[in-house]
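These notes concern the structure reproduced below.
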Amino acid sequence: MKNEEGTDLSLGVARRAMKIVIFIGMVSVVLLMINIYIMLTQITATAQMSRELNAIKQVLQKQGILKDTALDIRLNPNPSSE
């Protein structure tokens with residue numbers, strides 16, 4: 001009788017432990033999905049900003065305000081002083 005109660009108790013503890021493990025696994029999967037969504041949103045926003053900057057750069061180059069690439073501006077920050 002005592003052995004049977006110990007077996008039932010150990011099975012109950014094992015089942016409860018498995019439920020906890022499954023719950024923690026599901027929560028971690030949800031958090032992982034949220035993290036992936038945030039990363040994809042940031043990548044999309046960065047790409048959109050890059051497209052907008054390129055469009056602005058092209059407009060400025062057409063107007064003659066920006067003659068060359070941004071690298072030349074970094075190398076020579078005051079082109080009017082020459």
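Every number here is computed from the coordinates shown, using simple stated rules; none is lab data. Predicted, not measured: the structure shown is a model, and the values here were computed from it. For neighbour counting, all protein chains shown are included, and Cβ atoms are generated from backbone atoms with ideal geometry for every residue, glycine included.
Observations on the structure shown:
- Once the C-beta distance of S10 and T41 is scaled by a Förster radius of 35 Å, the resulting FRET efficiency is 0.15 to the nearest 0.05.
- Label-point gap, in nm, between Q61 and K2 - each point 7 angstrom along Cα→Cβ: 8.8
- Whichever lysines have a C-alpha closer than 18 Å to that of K57, once near sequence neighbours (fewer than 8 apart) are set aside: K67
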